[in-house]
Structures are given as C-alpha cells and as structure tokens.
1. I'm a student and want to see the number: the projected area of the Cα convex hull of region 30-74, averaged over all directions, in nm².
2. Ignoring solvent entirely, what values of log10 I(q)/I(0) come out of the Debye formula for the chain at 0.20 Å⁻¹ when each Cα is a single scatterer?
3. How would region 58-129 be classified by its alpha-carbon gyration tensor: rounded, prolate or oblate, with rounded meaning a/c under 1.5 and the a/b versus b/c comparison settling the rest?
4. Could you order ILE127, ILE87, ILE28 so the one with the most accessible surface comes first? Probe is 1.4 Å.
5. Compute the signed sum of charges (Lys and Arg +1, Asp and Glu -1) over the other residues within less than 15 Å, Cβ to Cβ, of GLN130.
6. Report, to the nearest whole %, how much of the accessible area of region 39-139 belongs to carbon and sulfur atoms, 1.4 Å probe, protein only.
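The values are calculated or read from the model by the stated rules, or taken from the named source; none is laboratory data. Nothing here was measured: the structure is a model prediction, and the numbers come from that model. Methodologically, a virtual Cβ is constructed for each residue, glycine included, from the backbone with ideal geometry; neighbour enumeration extends over all protein chains shown. Areas reflect the complete protein model, heavy atoms only, side chains present, ligands, DNA and RNA absent. Shrake-Rupley method; radii C 1.70, N 1.55, O 1.52, S 1.80 Å.
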Amino acid sequence: MTTRAITVTRTDLARLQQLLQSQFAIAIGEGRPHLAELADALDQAQWVDSQSIRPNVITMNSTFKLVDVQRDESETYTLVYPEEACIAEGKLSILSPLGSQLLGRNVGQDVCFSVSDRKVHKRVAKIWFQPERVGAFNL
C-alpha cells in the first residue's frame, strides 16, 4: 500500500485525527482498510493554514462535482463529518470509502476504489464551494 500525498488544512488535520481516534471510528474501523489508509494519508500529509489552501483542493465541507469515468455520469457531493452525513442530500461522510479518498484531491484528479467486488473510477471535475475560499475557516 502506498500512501497518497495530500495537502490539508491544519484545522481539518486536527479534527480528523481526533475523529479517527474516537470510540466511534474505532468501533466501525474493524475490517475497513480505507480508514487505515486515511489515517496514513493524514500522518504523511502536508498541512497549511486555512488561508493558504489552494482553491482547487477538496477540504472538509467542500462541495464538488464528481464524474464516473466509466459511466460518464456526474454527481455533486459535500464532504462532511459522519454526524452530518446524508447521502440523499449529497452529504458524503469522510469515513465512507469514497469520502476518505477525496480529502486533499485536486480538480482533475482521479480516485479509484472498490465497492463490493466492483472497481469504481471517478474524477474530480469541479469544486463548487470550498469554505476556505470564502473565508469560512471554522466549518
């Protein structure tokens, strides 16, 4: 397993490391390798102050468009903490297999992951909203 290089805000890094050490994450983490991969990516992440993050990077509470490369279908999601997740509203948990792959991704980057026995290949097409871009540094 290779750790992907990501850039995150200092605020997101601290909150996510705390989340991954919580009883909740520990309880659901058994048998979920994507959570270990997220923890490794955070351990190796380059962090920046919220004011310095590039506007084309997915941060927590960013809203973005993903394109399914194989099916040429697009979806819009907001990357959120587990307590806010509601897939029917497009709110994707950072602890989901897809959500854990998206943090720190740039527009134009691809994510590949498995759902059941099927490989899924998606591309970050656009970031509609990034909190840091509009000065919302503590969402």
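1. Values: hull surface 20.5 nm².
Dividing the Cα hull surface by four gives the mean projection, 5.1 nm².
2. Treating every Cα as an identical point scatterer, log10 I(q)/I(0) equals -1.32.
3. Working: a/c = 1.59, a/b = 1.20, b/c = 1.32.
Cα axes put region 58-129 in the oblate bin.
4. Numbers: ILE127 10, ILE87 115, ILE28 50 Å².
Highest to lowest solvent-accessible surface, that is ILE87, ILE28, ILE127.
5. Numbers: positive: ARG54, LYS65, ARG105, LYS126, ARG133; negative: ASP12, ASP49, GLU132.
Around GLN130, the charge tally is +2.
6. Numbers: 2450 of 5230 Å².
C and S fraction of accessible area: 47 percent.
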